[in-house]
Ligand code: 5GP
């Protein structure tokens with residue numbers, strides 16, 4: 001039985017553990033490919049070009065945006081982020097499932113494209129815990145943490161627009177839920 005690939009879209013407030021979850025997910029689920037976004041944000045310590053993101057300068061991003069090279073793009077915390085379109089559409093066409101880890105603005109843009117996609121929202125256990133995680137991460141200033149928490153509140157208020165919501169209280173349990181969603185979606189009769 002042949003089917004087209006499924007687009008899995010995961011959004012979460014900054015500091016919810018989404019990156020760790022997505023990395024563990026693609027490591028443990030067969031034939032699930034993570035799309036690498038392009039961004040104008042500078043790399044954080046330990047981040048690798050082409051692995052975590054494709055880091056590009058703003059004029060280059062805007063040039064690509066003008067040429068319609070992104071499936072979606074958004075400005076997040078003053079920096080541009082975009083999902084390269086060509087490779088993803090090719091993967092979906094050949095039947096591979098693709099995981100996008102993008103913000104709420106980007107997810108809502110993809111919804112408007114009416115692609116066959118599954119929307120998953122990761123919730124932090126509480127805003128207080130989210131604040132703690134952002135402080136412990138030590139990558140953001142006090143002002144940036146406040147800004148991230150304000151955006152987080154707005155993003156959480158959009159979680160009902162997603163097909164699934166998972167609370168990331170315990171990493172392993174959240175990972176189990178993500179795997180279960182992927183397996184169930186792959187088994188849906190309408191897709192084969
Ligand atoms: P960070 O700078 O912390 O890695 O990411 C900031 C936010 O941008 C996160 O919510 C992340 O999911 C989102 N993001 C990363 N890549 C993309 C993308 O290609 N498109 C959109 N819309 N958001 C992205």
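Derivation of every value follows stated rules applied to the coordinates shown; laboratory data play no part. Fair warning: this is a prediction, and the values are worked out from it, not measured in the lab. With ideal geometry, Cβ positions are generated from the backbone for all residues, glycine too; neighbour counts draw on all protein chains shown.
When only Cα pairs under 8 Å and 6 or more residues apart are kept, what is the percent relative contact order across the chain?
Details: 281 pairs, mean separation 62.6, N = 192.
After rounding, I find 33 percent.
By how many nm would the segment from residue 179 to residue 154 grow when fully extended, if each residue of separation counts as 0.36 nm and the alpha-carbon distance is taken off?
6.3 nm
Run the simple label-point estimate for residue 128 and residue 94 please: 7 Å along Cα→C-beta, distance reported in nm.
The answer from the label model is 5.0 nm.
Using alpha carbons only, how many angstrom separate the centre of segment 52-83 from the centre of segment 120-180?
23
Would you list 22, 187 from fewest to most Cβ contacts within 10 Å?
Least to most surrounded, the residues fall as 187, 22.
List the extent of the Cα atoms of segment 1-132 along each of their three principal axes, largest first, rounded to whole Å.
47, 37, 29
Can you tell me which of 170, 93, 85 moves the most in a GNM of the chain? Springs connect C-alpha atoms under 10 Å apart.
Of 170, 93, 85, the most mobile in the Gaussian network model is 170.
What value, in deg cm²/dmol to 500, does the helix sum -39500 (n - 2.57) over DSSP H runs of n ≥ 4 give at 222 nm once divided by the residues of the chain?
Values: 7 runs with 81 residues, N = 192.
It lands at -13000 deg cm²/dmol.
Rg/Rh for segment 69-192 to two decimals, with Rh computed the Kirkwood way over all alpha-carbon pairs.
Using Cα coordinates only, the ratio equals 0.99.
Taking the chain as a Gaussian network, Cα atoms linked when under 10 Å apart, which of 97, 176, 116 shows the biggest mean-square fluctuation?
The residue that fluctuates most here is 176.
I want to verify a result. In a Gaussian network model of the chain, Cα cutoff 10 Å, which of these has the top mean-square fluctuation: 41, 133, 112?
Per the Cα network of the chain with a 10 Å cutoff, 112 tops the list.
What is the extension gain from residue 26 to residue 77, computed as 0.36 nm multiplied by their sequence separation minus the C-alpha to C-alpha distance, in nm to one decimal?
Length gained, residue 26 through residue 77: 15.7 nm.
Evaluate the distance, in nm, between pseudo-label points positioned 7 Å from the Cα of residue 165 and of residue 191 along their respective Cα→Cβ axes.
Distance between label points: 2.3 nm.
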